Amino acid sequence: MELKWLEDFVSLAETRSFSRSAELRHVSQPAFSRRIQALEAWLATELIDRSVYPTRLTQAGQIFYEQALTMLSQAHEARTLLRGHVGAPVPTIEFAVPHTLSLTYFPRWLERIEAKMGQVHTRLRALNVHDAVLSLVEGGCDLVMGYHHPSHPVALDPARYDMLILGSEPISPFSAPGRAGRPRHTLPGAADARVPYLSYTPNAYLGRMTEVIIANAPTRLFLDRVYETDMAEGLKAMALAGHGVAFLPHSAVDDAVAGGRLIRLDRSARGAGAHPFTLTMEIRLYCDKLALQGDDPRQKLVRALWDVVRDELRETAGGTAG
């Protein structure tokens, strides 16, 4: 039996919906159903009454629900206890952060927080947005910092998870300069002169944001996908070398733009404030509410940091708690 099967079952018992629980657990519905079936096979009994709608538990499922809660609680308590004694002599907050934010936003953000509460021992796992959120759901980290946009929202249950909006991050197209300081590549291109396009892989969150920009562009973009990677830093390096146009978060290219090594391409003739190929994402911080209620040293540290961040946002009116 796997721990995630218990977490799946508890979620299903609470939502009474396979589709909703699959969404909250960040897996496809077929995969979620297979995991529930695997748990039932391991227990040799049916937990779900599939003859009715909405879904409900069988009598065995109702009994096992209480047992599952106890087992999960004990497992998490054991992990918390061991984290405090093995390999971490002092309380350490575990972050899951997308690669780009881990290199750009996170270091400056942590410096600002530590100026208010003193040095914080942290451990950071650089993951894509999906895996970072999944790590939080499965108890693999304390806090997740990630991007959010209404077109591709992070589906975490607000009854279970707290959220703070730390700020915003625009993503825009950039090119290396060519002759006379003008962009080497320009948009929108033409059917017979497509622009070399440095692309994210399809499953990358920033790739989905770029697809939204392209789909909603006021004029058709003629692009030739010549390179693909899931890392913004990889696209930045290719753009700096002049290989094409890349859509990049501003925090990843501020230094290159300031030094004249990259040029933003969507400055419209309609005015300095018009940027037809830019999309703005929120930068959010997520936490499991249960982690803010514990009394072990690490949970107290997580709660202290959360309070500092929330209070800072209230003071500056630059963020939102939810």
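Values as computed for the structure displayed
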read-out: The listed residue being touching a Lys or Arg at 6+ places or on another chain (Cβ under 9 Å), buried (at least 19 other Cβ atoms within 10 Å of the Cβ), modelled with pLDDT under 95 and more than 17 Å from Tyr147 (Cα to Cα), out of Ala291, Ala252, Ala256, Ala246; value: Ala291
read-out: Positions within segment 125-143 being out of contact with any Pro (no Cβ under 9 Å at 6 or more places or on another chain) and buried (at least 17 other Cβ atoms within 10 Å of the Cβ), in sequence order; value: Val133, Leu134, Ser135, Leu136, Val137, Gly139, Cys141, Asp142, Leu143
read-out: Scan of segment 23-55 for residues that are in contact with a Leu (Cβ under 9 Å, 6 or more places away or on another chain) and either part of a helix (DSSP H, G or I) or among the small types (Gly, Ala, Ser) (or both), ordered by number; value: Leu24, Phe32, Ile36, Leu39, Glu40
read-out: Tabulated pairs, segment 103-129, first assigned by TED's automatic domain parsing to the domain that holds Trp306 and touching a residue at least 40 places away in the same chain (Cβ under 8 Å), second among the aromatic types (Phe, Trp, Tyr) and in a helix (DSSP H, G or I), C-beta under 7 angstrom, 6+ apart or interchain; value: Asn128/Tyr205; Val129/Tyr205
read-out: Residue in segment 65-84 that is in a helix (DSSP H, G or I), at pLDDT 80 or above, within 30 Å of Leu248 (Cβ to Cβ) and touching a helix residue (DSSP H, G or I) at 6+ places or on another chain (Cβ under 9 Å) present; value: no
read-out: Residue tally, condition closer than 20 Å to Asp162 by Cβ, over 17 Å from the mean Cα position of the chain (by Cα) and assigned to a helix (DSSP H, G or I), over segment 113-137; value: 3
read-out: Qualifying residues in segment 1-16 (those that are free of Cβ contacts under 8 Å to residues at least 40 places away in the same chain and surrounded by 15 or more Cβ atoms within 10 Å (Cβ to Cβ)) - the one farthest from Pro158 (Cα to Cα); value: Trp5
read-out: Unmet criterion (only one of (1) closer than 15 Å to Arg284 by Cα; (2) surrounded by 18 or more Cβ atoms within 10 Å (Cβ to Cβ)) for Pro170; value: (2)
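Every residue, every condition in (1) in contact with a helix residue (DSSP H, G or I) (Cβ under 7 Å, 6 or more places away or on another chain); (2) in contact (Cβ under 8 Å) with a residue 24 or more places away in the chain; (3) crowded, with 18+ Cβ neighbours inside 10 Å, yes or no:
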| position | (1), (2), (3) |
| --- | --- |
| Phe18 | yes, yes, yes |
| Arg25 | yes, yes, yes |
| Pro30 | no, no, no |
| Arg34 | no, no, no |
| Ala38 | yes, yes, no |
| Trp42 | no, yes, no |
| Glu46 | yes, no, no |
| Asp49 | no, no, no |
| Leu57 | yes, yes, yes |
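The values are calculated or read from the model by the stated rules, or taken from the named source; none is laboratory data. Predicted, not measured: the structure shown is a model, and the values here were computed from it. Every residue, glycine as well, gets a Cβ built from its backbone with ideal geometry; the counts of neighbours run over all protein chains shown.
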